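*Asks:* Structure incoming, see below.
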Amino acid sequence: MAYGGRADGRVYRVEAVVMKRLSFGETDRVVTLFTRERGKLSAVAKGARGPRSRLAGLTEPFTYFHGLLAQGQNLDVLTQGEVQDAFANLRKDLERIGYACYFLELLDAGVEERQPLPELWDLLVGALSTLETATTPDVLARMFELHLMRIIGYEPTLHQCVLDGAPVEAGAAAFHPLRGGALCRRCAHGAPGSVAISAATLAALRGLPYEPLVRAAQAGLDDTVRRELSRCMLPYVRQQLQSPLRSLQFLDDVTLPPAA
């Protein structure tokens, strides 16, 4: 690592993204990190609120850094590190900040402490990087949701009807967020809570979990598909993660929806 830190039996290296932080004591901060090596964990950054602290920049939300942590009795201790990417461009725009908060809230709700998920860590860093320049951040959010659900084992059922197991055909389908996936033509009629979806939306739901995130800017999804994806995925994610996802309210306040 560029800052030259050494790891011994009690000290370990991480690649980390700051998920959230809170003040602790007079000058310290407790940070929740999502690390590539050890998953989600909390650590104390001693003196990080001091005016000359070298740890201050390592405790800013969304920051990606390489660091050294020491095992502690109650909380591990962030001892040093080097920022790799502060994602400065997304911090200049309230909508992008809102989506970054949403990605981190999804992770916080979807993963347990100390559960290494390197594929999910790569997804987060890729999403934050793509978010800096994405022209349709809502499409990026749908991709992130679908990738996340696939990785943690909550991918929606999209090829067979969730009610009777019949094949789901494009152009005659609906999506039921609370039931966990698509409905066939017969079950779609009169199913309370279902969302009618076009063939293009069904294709997007099936394909986006396997597309690289950089395709979000070139996805070419029209406004109708984008609205239908939101109507499907937002209640689905809330249901699966059992989380209110409070950052969505902030996004509603600062984001213009796709044109009707």
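*Asks:* For Thr59, are the conditions met, namely being in contact (Cβ under 8 Å) with a residue 60 or more places away in the chain and surrounded by 18 or more Cβ atoms within 10 Å (Cβ to Cβ)?
*Replies:* no
*Asks:* Those residues that are in contact with a helix residue (DSSP H, G or I) (Cβ under 6 Å, 6 or more places away or on another chain) and open to solvent by 20 Å² or more (accessible area, probe 1.4 Å), I need them from segment 175-188; list them, please.
*Replies:* The answer is Leu178, and nothing else.
*Asks:* Hey, does segment 105-112 have a residue that's buried (at least 16 other Cβ atoms within 10 Å of the Cβ), β-branched (Val, Ile, Thr) and touching a residue at least 40 places away in the same chain (Cβ under 8 Å)?
*Replies:* yes
*Asks:* Looking at segment 145-174, which of the residues that are among the hydrophobic types (A, V, I, L, M, F, W, C) and over 22 Å from Ser198 (Cβ atoms) is least open to solvent (accessible area, probe 1.4 Å)?
*Replies:* Leu148
*Asks:* Next question. Output the qualifying pairs, or none if there are none: Cβ atoms under 7 angstrom, residues six or more apart or on different chains, first residue in segment 150-171 and farther than 19 Å from Met233 by Cα, second residue polar (S, T, N, Q) and part of a strand (DSSP E or B).
*Replies:* Ala166/Gln160; Pro167/Gln160
*Asks:* A further question follows. Tell me yes or no: at least one residue of segment 85-98 is modelled with pLDDT of 95 or more, outside any loop (DSSP other than H, G, I, E, B), open to solvent by 10 Å² or more (accessible area, probe 1.4 Å) and farther than 30 Å from Ala204 by Cα.
*Replies:* yes
*Asks:* Next up: Any residue at all in segment 92-101 that's in contact with a Ser or Thr (Cβ under 9 Å, 6 or more places away or on another chain), without any contact (Cβ under 8 Å) to a residue 24 or more places away in the chain and either within 25 Å of Val237 (Cα to Cα) or of a type outside the set (A, V, I, L, M) (or both)?
*Replies:* No - not one qualifying residue is present in segment 92-101.
*Asks:* Check off (1) touching a helix residue (DSSP H, G or I) at 6+ places or on another chain (Cβ under 8 Å); (2) open to solvent by less than 50 Å² (accessible area, probe 1.4 Å); (3) under 23 Å from Ala100 (Cα atoms); (4) not charged (D, E, K, R) for Val214 and give me the number that stays unchecked.
*Replies:* Single failed check for Val214: (2).
*Asks:* Condition test on Gly50, is it without any contact (Cβ under 8 Å) to a residue 40 or more places away in the chain, surrounded by fewer than 17 Cβ atoms within 10 Å (Cβ to Cβ) and part of a helix (DSSP H, G or I)?
*Replies:* Judged against the criteria, Gly50 is not a match.
*Asks:* Name every residue in segment 65-84 that is open to solvent by 50 Å² or more (accessible area, probe 1.4 Å) and closer than 15 Å to Leu128 by Cβ, in order of residue number.
*Replies:* Across segment 65-84, the qualifying residues are Val83, Gln84.
*Asks:* Which of the residues belonging to segment 189-206 are open to solvent by 30 Å² or more (accessible area, probe 1.4 Å) and either of a type in the set (A, V, I, L, M, F, W, C) or part of a helix (DSSP H, G or I) (or both)?
*Replies:* Ala196, Ala199, Ala200, Ala203, Arg206
*Asks:* If you don't mind, there's one more thing I want to ask. Among what's in segment 129-144 and is over 17 Å from Val237 (Cβ atoms) and part of a helix (DSSP H, G or I), pick the residue that is most open to solvent (accessible area, probe 1.4 Å).
*Replies:* Restricting to residues being over 17 Å from Val237 (Cβ atoms) and part of a helix (DSSP H, G or I), the top hit is Ser129.
The values are calculated or read from the model by the stated rules, or taken from the named source; none is laboratory data. The shown structure was predicted, so the numbers you read here are calculated from the model rather than taken from an experiment. So basically every Cβ, Gly included, is an ideal-geometry build from the backbone, and we count neighbours across all protein chains shown. Just the protein is used for accessible areas: all its heavy atoms, side chains included, with ligands, DNA and RNA removed. Shrake-Rupley method; radii C 1.70, N 1.55, O 1.52, S 1.80 Å.
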